[in-house]
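Heads up, the thing below is written out as structure tokens.
The values are calculated or read from the model by the stated rules, or taken from the named source; none is laboratory data. Computed from a predicted model, the values in this text were never measured in an experiment. We place every Cβ from the backbone using ideal geometry, glycine too, and count neighbours over all the protein chains shown. Heavy atoms of the whole protein, side chains included, go into the accessibility calculation; ligands, DNA and RNA do not. Shrake-Rupley method; radii C 1.70, N 1.55, O 1.52, S 1.80 Å.
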Amino acid sequence: MAAPKKGRRAPASQGHPGRTLILMLIAMVALVGGMFYSGTLTPRLGIDLAGGTSFTLAAQNQPGKPNAINETNMNTAASIMERRVNGLGVTESEVQTQGSNHIIVNIPKGTDAKQARQQVGTTAQLAFRPVLTTAAGTKTPEPTPSPSKGGKDGGKGSQQSASPTPSASPTTKGRAVTDALKKPSAPPSASASDKPSAQPTPPAPGGADIPPALQKQFAALNCSTKQSLAQANEQAAGAKPTDPVVACKNDGAQKYVLGPVGVEGTDVKDAKAVFDSQQGQGWIVQMDFTSDGGKKFADVTGKLAAKTTPQNQFAIVLDGAVVSDPRVSERLNGGNATISGGFTQQSAQDLGNMLSYGALPLSFKIDDETTVTAALGGEQLHAGLIAGAIGLALVVVYLVAYYRGLALVALASLGVSAVLTYTIMTLLGPAIGFALNLPAVCGAIVAIGITADSFIVYFERIRDEIREGRTLRPAVERGWPRARRTILVSDFVSFLAAAVLFAVTVGKVQGFAFTLGLTTLLDVVVVFLFTKPLMTLLARRKFFAEGHPWSGLDPKRLGARPPLRRRRTAPTQTKEA
């Protein structure tokens, strides 16, 4: 007796389709649970659907740089602005040049417009200047010659004597650069009061005196109002690096005469906000210099360490405003520094963000700021959803009319794909800042056709096998390899197109490409882990296995051939004569 032939062992996905479906169900439950756990039940919307703020910035001519406004600098500035805004956790922002000297910045609703305005408009021109003298931020009481005070020189001497009074401010808010800058120096009042009033121009580093015109400007400088503070910062920011300037503290409490730039901001390689829990300074900004910048910084701090207050102070100037004025007690090597002094977490992160993402090559002025409503985008979304619903309804009608019972499999697969797409888009909002805009919605609607096409390919392969005379169970298994190859090739082409579109485009078109690529990947997951196992289970049910007329697999309707059978030859009978 011949031994029975052993059948070929079925793959795990075919032998245990129920396990695959349970795994798919667990993944869906986990995604939905993560959505509820995060508290985010709807996808994050882009500026065209949720509204937001739009800024129009105009590039300004800079002193000594008549040809600075060009295409290269404008594109560089737009790129830096986009990185800064994205540093706030906004990935749906739109930053693009318009014309020869304008940049448009669109920021979706939910972003702090004031903070974003500071990020995009701040040029972040950082410089380290030595302090020549300092005084209170208000206007000096005797800016003009007075006979009762001994004439012009006497007035200037009294102006300089005002510097000791507020000089304690730098020690509390401007403690800064590494350990050497944290060591207390001689009391400022003693070092300043020893200078006679007849010496109104303390020597600047390098042996240069403060010019009389700069003394007069320093005496008249008023940092106590927002308007005057802004004007002083703008004037200081536009000064040449080789010239001494007058400047204000960023809070307006102090004013300074500063020497030429010792270290440029371009020498800063990296900057980040860090909370200092060891020395109790709170939030600080750590900076790392380039190799050349570290050498410059060491040389300048070595010279300042030999001077007395306030000329041993180093002013860190950002866009013309002094953000910190630490004292130097020794030469600082190592190529790194720390800015501290009353920073909040937000202010430290903002400063580190601006310094890390680079200084703008141009200065900008906000020409226009408007609030964008979601009315137009809402109307377009409503119309798009109606069009999508009509298209989906036509697809359902076609599936029911042509595939009958198989339409339930297609609709269930579309439902699983919709749940996965919605939950993943919702979770990607807080995770990577993904925002759903109108083009992204269009990508999701296009994906309905791509997903339905995969089901149709598989169904047709099964029906072809039934036409060849096979029963449903072997037809499901034999039709899958050919359908799988077709589906993978089709989805690969769609995903490749989405990837190329995402790489070569910007703005909203990237939303379309991202959604198209995501839904294409989900189509593969659904077909492999849901549609195929579900068909394997249904092939064991009598309704589908016996080819019920409403199953969509009726052999008679499909024109199936009769099964091939071996002909039997009848035995030859001898006829009698």
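Here are the numbers:
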read-out: Test: residue in the range 98-108 that is at pLDDT below 80 and out of contact with any helix residue (DSSP H, G or I) (no Cβ under 7 Å at 6 or more places or on another chain); value: yes
read-out: Single residue of the range 262-278 satisfying the filter (open to solvent by less than 30 Å² (accessible area, probe 1.4 Å) and assigned to a helix (DSSP H, G or I)) that is modelled with the highest pLDDT; value: ASP267
read-out: Residues (at positive phi and open to solvent by 10 Å² or more (accessible area, probe 1.4 Å)) located in the range 302-335; value: ASP319, GLY334, GLY335
read-out: Pair list, Cβ under 8 Å, 6 or more apart: the range 61-79 residue open to solvent by 80 Å² or more (accessible area, probe 1.4 Å), other residue modelled with pLDDT under 80; value: ASN61/ALA68; PRO63/GLY238
read-out: Verdict on THR370 being in a strand (DSSP E or B) and touching a residue at least 60 places away in the same chain (Cβ under 8 Å); value: yes
read-out: Condition met for ALA135 (modelled with pLDDT of 70 or more, open to solvent by 10 Å² or more (accessible area, probe 1.4 Å) and in a strand (DSSP E or B)); value: no
read-out: Leading residue by the ranking (surrounded by the fewest Cβ atoms within 10 Å (Cβ to Cβ)) among those in the range 399-435 that are without any contact (Cβ under 8 Å) to a residue 24 or more places away in the chain and either small (Gly, Ala, Ser) or on the phi > 0 side of the Ramachandran plot (or both); value: ALA401
read-out: Residues of the range 61-80 that turn out to be modelled with pLDDT of 80 or more and either in contact with a strand residue (DSSP E or B) (Cβ under 6 Å, 6 or more places away or on another chain) or β-branched (Val, Ile, Thr) (or both), as a count; value: 3
read-out: Leading residue by the ranking (surrounded by the fewest Cβ atoms within 10 Å (Cβ to Cβ)) among those in the range 223-261 that are modelled with pLDDT under 85 and polar (S, T, N, Q); value: GLN227
read-out: Subset of the range 503-561 that is outside any helix (DSSP H, G or I) and open to solvent by 60 Å² or more (accessible area, probe 1.4 Å) - its residue that is modelled with the lowest pLDDT; value: VAL506
read-out: Top-ranked residue in the range 32-57 [being assigned to a loop (DSSP other than H, G, I, E, B) and of a type in the set (Gly, Ala, Ser); ranked as surrounded by the most Cβ atoms within 10 Å (Cβ to Cβ)]; value: GLY46
read-out: The range 461-473 residues that are open to solvent by 70 Å² or more (accessible area, probe 1.4 Å), paired with ones that are of a type outside the set (D, E, K, R) (beta carbon under 6 Å, 6 or more apart); value: ARG473/ALA539
read-out: Any hit, the range 279-292, residues being part of a helix (DSSP H, G or I) and open to solvent by 10 Å² or more (accessible area, probe 1.4 Å); value: yes
